Amino acid sequence: MSITKSNIQEKFDHFTSHWTPHVVAELNGQAVKIAKIKGDFIWHKHDDEDEMFWVVKGCMKMELRGTTLLLHEGDFAVIPKGVEHKPSAEDETHILMFESKETLNTGGEQSPLTVKNPQII
């Protein structure tokens with residue numbers, strides 16, 4: 001078995017697209033995904049999976065029904081399964097997500113933003 005190290009900034013340098021998650025690691029049935037976000041995503045939920053969002057660079061807004069979280073660089077939040085949420089970012093923001101490998105980025109919603117098979121980088 002070969003154990004290697006990775007650099008998160010180098011991983012972000014591999015792509016320029018927004019709202020396109022990329023898998024950078026897997027552990028214990030979970031995927032570690034990164035994405036660059038800018039603008040608004042869609043309202044969605046995940047019926048069977050929790051999601052963790054960690055802001056690596058920038059600032060994101062996480063709208064929830066009834067409240068809004070503002071996450072700055074270094075902040076993270078766990079969105080429990082079944083909770084509707086809508087992420088957005090005024091300026092380009094880099095995020096890291098922990099979620100089940102099977103988690104679809106748009107939950108049960110189909111959208112032009114849906115990524116069924118995230119690229120592994």
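The values are calculated or read from the model by the stated rules, or taken from the named source; none is laboratory data. As the structure is a computational prediction, the values presented were derived from the model and not from experiment. A quick note on method: Cβ atoms are made from the backbone with ideal geometry, for glycine too, and the neighbour counts reach across all protein chains shown. Side chains included, ligands, DNA and RNA excluded: accessible areas come from the protein's heavy atoms. Shrake-Rupley method; radii C 1.70, N 1.55, O 1.52, S 1.80 Å.
Provide the net charge surrounding Ser88, with neighbours chosen by a C-beta distance below 9 Å and charges set as Lys +1, Arg +1, Asp -1, Glu -1.
Within the 9 Å Cβ shell, the charges total 0.
Find which of Phe98, Pro118, Asn7 sits farthest along the positive direction of the dipole of the chain, computed with +1 on the beta-carbon of Lys and Arg, -1 on that of Asp and Glu, about the Cα centre.
Asn7
Using the heavy atoms of the protein chains and a 1.4 angstrom probe, tell me the accessible area per residue for the chain in square angstrom.
The answer is 59 Å² per residue.
Please give the charge dipole size of region 6-54, origin at the Cα centre, charges +1 on K and R Cβ atoms and -1 on D and E Cβ atoms. Round to the nearest 20 debye.
Values: 5 positive and 9 negative charges, 59 e Å.
Taking the Cα centre of region 6-54 as origin, the dipole is about 280 debye.
Given the protein chains as shown and a 1.4 Å probe, how many square angstrom of His44 are accessible, to the nearest 10?
In the full protein context, His44 sits at about 10 Å².
Shape call for region 27-121 from the C-alpha gyration tensor, a ≥ b ≥ c root eigenvalues: rounded (a/c under 1.5), prolate (a/b greater than b/c) or oblate?
The shape class here is rounded.
When the accessible area of the chain is computed with all protein chains present and a 1.4 Å probe, what percentage of it is carbon and sulfur?
Carbon-and-sulfur percentage of accessible area, whole number: 49.
Rounded if a/c is under 1.5, else prolate if a/b is larger than b/c, else oblate: which is region 3-64, with a ≥ b ≥ c the root eigenvalues of its Cα gyration tensor? Kindly include the intermediate steps, with their values, before the conclusion.
Values: a/c = 2.14, a/b = 1.22, b/c = 1.75.
It is oblate, given that a/c is not under 1.5 and a/b is not larger than b/c.
Along the Cα→Cβ direction, 7 angstrom out, place labels at Val83 and Leu64. What is the inter-label distance in nm?
Going from the Val83 label point to the Leu64 one covers 0.3 nm.
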